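Let me begin by presenting the structure, written as structure tokens, before commenting on it.
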Amino acid sequence: MANQDVIIDIRHLSKSYGDKKVLDDINFQIRKGEFITLLGPSGCGKTTTLRIIAGFVEASDGEVLLEGSDISGIPPYKRPFNTVFQRYALFPHLDVYDNVAFGLKLRNLPEERIDQLVRRALKLVSMSDYESRDVDSLSGGQQQRVAIARALVNKPQVLLLDEPLAALDLKMRKDMQMELKEMHEKIGITFIYVTHDQEEALTLSDTIVVMNEGRIQQIGTPTEIYNEPQNEFVADFIGESNILNGTMVCDRKVNFIEHEFECVDEGFGENTPVDVVIRPEDIYIMSKLEGAQFTATVKSCTFKGVHYQMFVDTDKGYELMVQDYNAFEVGSTVGLFIKPFDIQVMRKPRTCNSFEGEIIDSTHVWILGESFECRETSLEPGTKVKVDVEFDKIDLQDHQEEGTVDGEVHFILYKGNHYHLTILTAHGDHIYVDTQDIWDKGDLVGINIAPEDLIITECND
Amino acid sequence: MIKRSNWSIPYFIFLILFVVMPLVLVAVFAFQDGSGRFTLANITRFFTDKDALATFALSIEIAIENTALCILIGYPVAWILSNKKYNHSTVTIILFILPMWINALMRTLATAELFNMLDFNLGKGTLLYGMVYDYLPFMIYPIYNILNKMDKSYAEAAEDLGANPWQVFWKVTFPLSIPGVASGILMVFMPTVSTFAISEFLTNGKIKLFGTIIQENINSSMWNYGAALSLVMLIIIGITTLFSHKEEENMEEGLI
């Protein structure tokens, strides 16, 4: 069954540090010669995944197969991989030449052969004239090139790159991106690249693995990831987007911002709640109102270089981000239009909060590691129950001590007319909240739920 | 208004009184005879005095041996202490530094008593034991410090490039830790040359070190000769300091 093309196969990879799970059942395959990028915000587990592949970190569970055989027990120095480290890790006691020759000398190659290979590698990264320079006399970009040469000279089967461009300035980064891409095409080996920069990932990769909180969110080509994000996290993280609540009326018909649109999606069922993603450049904006699907008032207009970025208030009171080559006057009424295939419909991961709990007495229920007052129930104390709470029925307090449970704002999504927050509680539960109030990521909040908003159902098992 | 540079005046006075003046006095006494006339006799006496020269050579020898032992014992200890795999708490580090909190003389006396009680033959062996015991923390600490602060990615990079743990140590970790070893040597070698208490107590006066003859001369009021011996020692220590400083600078350059 094994695909001939697959060089690395990652199966059910998990990693925990104490109670903290940093990787949770990671599965993906890497094809020979592919440029694959692990993309995600800091702390998403992308670097841990790379370090497990390199052999610096041992997985708690799962396996890494190299051409079909498990390499878990093999130490890093025996793996046919080489790494370009985030801060390069060039040896300060050796000059450029000796840094690049380090791996070759360990293999006891003849002097002339080493010389030949080192020169070729330095030429590849355009650093031929720097052979005898001290590594700390080099600029960041030059150090980066030496680090790449030092890794590539060993002819690894796979090159691992851990945010290699993060320390460079923007201009330099763009140049190095192009060079890396050219290098990859020229040498033809597999590159595994880790970055938090979505633009970098879109520019460089054949395949992107989007990760968040230790889980894979989506795997796909850059165009797939950008045009067809599978969930709100991917939609929000990659590029700019309008993410809105909608209802799939029937096949090819979706309702959002209180208007009905034609779309290309099928198979969601009738009247199913969905998330809708529209890229700001996919909304057509015009000054004439006939032929428009809906109208809006321009609220702000900012020049962004290539295009103008505008925020508009729709006739039904939703805020949308629109990008266009033309500027529209603030305060003017405009007509807007969205084409069916520019509407990306996603299944909602959940439509309300659902907690597991236990009845304490007739008016209290134990959820989220605390006792909550609830409406009088006839269930016996100790009964296992499922408690549902609507997103907009959760009350957030500025001060942690004012809430029954406290938590931290973990993720914020603007949905056109309200914010959808993910709150991480002190006990590690996720609570999803719809609110009009503005919160910032990292805000500490107290959480209250009114007794009548706890909808309790008995668990059957 | 008081100028900010005036704030240094007390320190300046302190330096004059306790550093410059004594040094000047040592130099003055070294070039005087008993009645205060200028002479080079004290210096020439040292270089013609076979006993003094032999003692001096022995002191250097003992100091080198002590330093070497301290590196051999201290480096592995520092390495283990800095390695998270083997050492999980700072308590162990404090335990190694703890002896420094107790007066060295006291520890030496106690060690001597211990050897007496056990009927050990006091001699060079016990002297070296006492010296290593006294100076080991001064070797461990700077090495531990540099190993602990060393960016772990250097070792990882070496391993990534195909070096086994042994090669990682000898090709990367050790060369990068040399500045720590250098300051350890400085802190152990120099004071051992001039030590006299340890040799007196731990050999029962059998082995005389350079520090011992200086002390004997001064004790028996032969200030001029004592001062000359001190001056010679100071100059030699000064030369080694300059030498190792140069070494250290080179190394530090490489570290940044």
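Looking at segment A:380-434, which GluC sites (Glu not before Pro) are DSSP coil and have at most 11 other C-beta atoms within 10 Å of their C-beta?
Of the GluC sites (Glu not before Pro), not one in the loops of segment A:380-434 has a Cβ with at most 11 other Cβ atoms within 10 Å.
Give the long-range amide H neighbours of residue A:327: residues separated by 5 or more places, or on another chain, with amide H under 5 Å away, using H modelled in the peptide plane at 1.01 Å from N.
HN-HN under 5 Å from residue A:327: empty list.
Take the residue pairs A:21/A:384; A:21/B:152; A:15/A:123 and return only those whose Cα atoms are more than 29 Å apart.
A:15/A:123
Straight-line reach from residue B:149: which aspartates and glutamates have a Cα under 15 Å away, not including same-chain ones fewer than 8 places off?
B:252
If I fit a long axis through the Cα atoms of helix A:140-152 and take the longest principal axis of the Cα atoms of chain A, what angle between them do I get, 0 to 90°, rounded to 10?
70 degrees
Against the longest alpha carbon principal axis of chain A, how many degrees, from 0 to 90 and to the nearest 10, is the axis of helix A:170-187 turned?
60 degrees
Report the local net charge at residue A:47: Lys and Arg +1, Asp and Glu -1, summed over other residues whose C-beta lies under 9 Å from its C-beta.
Neighbourhood net charge equals 0.
Given the peptides A:379-386, B:53-60, arrange them by the average over their residues of other C-beta atoms within 10 Å, most packed first.
Final packing ranking: B:53-60, A:379-386.
Note down the net charge around residue A:388, summing +1 for each Lys or Arg and -1 for each Asp or Glu among other residues with Cβ under 15 Å from its Cβ.
-2
Which three semi-axes in whole Å describe the equivalent ellipsoid of chain B, each the square root of 5 times a Cα gyration tensor eigenvalue, listed largest first?
Gyration-tensor ellipsoid for chain B: 38, 26, 18 Å.
What does the extension gain come out to for residue A:326 and residue A:399, with contour length at 0.36 nm per residue minus their alpha carbon separation?
Full extension of this stretch gives 21.8 nm more.
Considering only C-alpha atoms, what is the centroid distance from segment A:216-274 to segment A:431-461, in Å?
25 Å
Give me the distance in nm between label points sitting 7 Å out from Cα along the Cα-to-Cβ direction at residue A:439 and residue A:339, one decimal.
3.9 nm
Tell me whether segment A:207-337 comes out rounded, prolate or oblate; compute the Cα gyration tensor, take square roots of the eigenvalues as a ≥ b ≥ c, and use a/c under 1.5 as the rounded threshold.
The shape class here is oblate.
What pairs from B:85/B:171; A:316/A:339; A:46/A:174; A:78/A:105; A:181/A:304; A:46/A:339 go past 25 Å between their alpha carbons?
A:181/A:304; A:46/A:339
Which of the chymotrypsin sites (Phe, Trp or Tyr not before Pro) found in segment B:59-126 are in a DSSP loop and have at most 14 neighbouring Cβ atoms, other than their own, within 10 Å?
B:86, B:120
Report the FRET efficiency, 1/(1 + (r/R0)^6), for residue B:54 and residue B:19, where r is their Cβ-Cβ distance and R0 is 25 Å, rounded to 0.05.
0.20
Quick one: if the Förster radius is 45 Å, what FRET efficiency do residue B:37 and residue B:73 give, using the C-beta to C-beta distance and rounding to 0.05?
For residue B:37 and residue B:73, the calculated efficiency is 0.35.
Using the alpha-carbon atoms, what tilt in degrees (0 to 90, nearest 10) does helix A:111-124 show relative to the longest principal axis of chain A?
Rounded to the nearest ten degrees, it is 40.
Select from chain B the helices, each a whole stretch of DSSP H, whose alpha-carbon atoms run 27 Å or more along the helix axis and whose Kyte-Doolittle mean is at least 0.0; answer none if there are none.
Flagged H segments are B:50-82, B:124-149, B:174-194, B:223-255.
What shape does segment A:38-154 have by the C-alpha gyration tensor, where a ≥ b ≥ c are the square roots of the eigenvalues, rounded means a/c under 1.5, and otherwise prolate means a/b greater than b/c and oblate the rest?
oblate
Quick check: net charge around residue A:8, other residues with Cβ under 10 Å of its Cβ, Lys/Arg +1 and Asp/Glu -1?
-1
Mind checking segment B:1-79 for trypsin sites (Lys or Arg not before Pro) that DSSP puts in a loop (not H, G, I, E or B) and that have at most 13 other Cβ atoms within 10 Å?
Answer in residue order: B:3, B:37.
Cα gyration tensor of segment B:1-95, axes a ≥ b ≥ c as square roots of the eigenvalues: rounded (a/c below 1.5), prolate (a/b > b/c) or oblate?
Here segment B:1-95 falls in the oblate category.
Output the antiparallel fraction of DSSP beta bridges having both residues in chain A, as a percent to the nearest 5.
The answer is about 85 percent antiparallel.
With n ≥ 4 as the cut-off for DSSP H runs, can you work out [θ] at 222 nm for the protein assembly as shown, using -39500 (n - 2.57) per run divided by the number of residues, rounded to the nearest 500?
It lands at -12000 deg cm²/dmol.
Any idea how far the Cα center of segment B:49-77 sits from the one of segment A:1-77, in Å?
When both Cα centres are located, 54 Å separates them.
So what J values fall out for segment A:334-343 if you push phi through Karplus, 6.51 cos²θ - 1.76 cosθ + 1.60 with θ = phi - 60°, rounded to Hz, Gly and Pro as x?
Each residue of segment A:334-343 in turn: 10, x, 10, 8, 10, 7, x, 7, 8, 9 Hz.
When the Karplus curve 6.51 cos²θ - 1.76 cosθ + 1.60 is applied with θ = phi - 60°, which whole-Hz ³J(HN,Hα) does each residue of segment A:273-287 get, with x for Gly and Pro?
Whole-Hz 3J(HN,Hα) from phi for segment A:273-287: x, 9, 9, 10, 10, 10, 6, x, 7, 9, 9, 7, 10, 8, 7.
Which residues' amide hydrogens lie under 5 Å from the amide hydrogen of residue A:160, considering only partners 5 or more residues apart or on another chain, with H built in the peptide plane?
A:82, A:83, A:84, A:192
Which cross-chain or sequence-distant (5 or more) residues have an amide H under 5 Å from the amide H of residue A:31, H modelled 1.01 Å from N in plane?
A:7
What does the average come to when, for each residue of peptide A:102-108, you count the partner chain Cβ atoms lying within 10 Å of its Cβ?
Counting other chains' Cβ atoms within 10 Å and averaging over A:102-108 gives 4.
Using Cα positions and a limit of under 21 Å, work out the lysines in reach of residue A:348, with same-chain residues fewer than 8 apart set aside.
Straight-line reach from residue A:348, under 21 Å: A:253, A:386, A:393, A:415.
Taking the Cα centre of each part, how many Å lie between segment A:151-180 and segment B:111-163?
The distance from the Cα centre of segment A:151-180 to that of segment B:111-163 comes to 42 Å.
Where a number appears in this text, it was derived from the coordinates with a stated rule and is not lab data. All values derive from a computational prediction rather than experimental measurement. Positions of Cβ are backbone-derived with ideal geometry, glycine not excepted, and every protein chain shown enters the neighbour counts.
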